[in-house]
Amino acid sequence: MNLSSNLTLAECCRSQTAKRLGINNTPDDDNVIENLKAVAENIFQPCREHIGSPLYVSSGYRSPELNVAIGGSKLSQHISGMALDLDADVFGGCTNAEIFRYIKENLNFDQLIWEFGSDENPDWVHVSFHRWGDNRKRAMRAVRHEGGGTEYQVIID
């Protein structure tokens, strides 16, 4: 099933952890699929067209069981199909930093997170979108602490 011109449901559900643990990571809720279509059409597809080359989804939908298995937040927008983790570095069409800046400056989004990495480039970009239009345009940076834990710093420009 295509969610947008260049993104399939299978790409959004792919998970090595789910495969290894025998977890079914395919949504069976039409609302989740509609949320995935919305984030695909409003975030993924404009990014894909902007860079003109493939864009890797490292995490999309996460079933509640998979989310627990990976230690995800109980409130993760991945569970409801509203979030994608994008990794432009995989195919080399552009950098993750360029994708982050493009989304921040050009698209409507709920949360946009520069996930770890360096000051020059995040390891990946987390982005979420609410199809009913209540998007906060909240840009943040995730920073790991030496003793464990993650801090989310709001980016204000």
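Annotations for the structure displayed:
- Enumeration of residues in segment 68-79 that are buried (at least 19 other Cβ atoms within 10 Å of the Cβ) and either out of contact with any Pro (no Cβ under 7 Å at 6 or more places or on another chain) or acidic (D, E) (or both): Q77, H78
- All of G147, G93 fail the test of being without any contact (Cβ under 8 Å) to a residue 12 or more places away in the chain, of a type in the set (G, A, S) and not in a helix (DSSP H, G or I), apart from G147.
- Put simply, of G133, G92 the only residue that is surrounded by fewer than 17 Cβ atoms within 10 Å (Cβ to Cβ) and either touching a strand residue (DSSP E or B) at 6+ places or on another chain (Cβ under 7 Å) or over 27 Å from V32 (Cα atoms) (or both) is G92.
- Any pair with Cβ under 9 angstrom, 6 or more apart, that starts in segment 26-52 at a residue that is over 25 Å from Y102 (Cβ atoms) and ends at one that is of a type in the set (A, V, I, L, M, F, W, C) and not in a helix (DSSP H, G or I): V32/I79; V32/M82; I33/M1; I33/L3
- Criterion violated by F91 - all others in (1) modelled with pLDDT of 95 or more; (2) touching a Pro at 6+ places or on another chain (Cβ under 6 Å) satisfied: (1)
- Candidates are the residues of segment 33-54 that are at pLDDT 95 or above and of a type in the set (A, V, I, L, M); the one that is nearest to L112 (Cα to Cα) is I43.
- The residue of segment 43-90 that is nearest to P122 (Cα to Cα), among those that are part of a strand (DSSP E or B) and not acidic (D, E), is L86.
- Scanning segment 55-67 for residues that are in contact with a helix residue (DSSP H, G or I) (Cβ under 6 Å, 6 or more places away or on another chain) and either crowded, with 17+ Cβ neighbours inside 10 Å or modelled with pLDDT under 95 (or both) returns L55, V57, G60, Y61, L66.
- Any pair with Cβ under 6 angstrom, 6 or more apart, that starts in segment 99-119 at a residue that is among the β-branched types (V, I, T) and ends at one that is surrounded by 21 or more Cβ atoms within 10 Å (Cβ to Cβ) and not in a loop (DSSP other than H, G, I, E, B): I99/C47; I99/L86; I99/A88; I99/V125; I103/L112; I103/V127; I113/H126
Conditions tested, residue by residue: (1) under 23 Å from F44 (Cα atoms); (2) in contact with an Asp or Glu (Cβ under 7 Å, 6 or more places away or on another chain); (3) among the charged types (D, E, K, R); (4) modelled with pLDDT under 95.
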| position | (1), (2), (3), (4) |
| --- | --- |
| L107 | yes, no, no, no |
| V127 | yes, no, no, no |
| N135 | yes, yes, no, no |
| E151 | no, no, yes, yes |
| I156 | no, no, no, yes |
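- Every condition in (1) among the aromatic types (F, W, Y); (2) part of a strand (DSSP E or B); (3) surrounded by fewer than 19 Cβ atoms within 10 Å (Cβ to Cβ) holds for W114 except the one numbered (3).
The values are calculated or read from the model by the stated rules, or taken from the named source; none is laboratory data. A quick note: this is a predicted structure, and the numbers were derived from the prediction, not measured. Ideal geometry is used to build each Cβ from the backbone, glycine not excepted, and the neighbour counts take in all protein chains shown.
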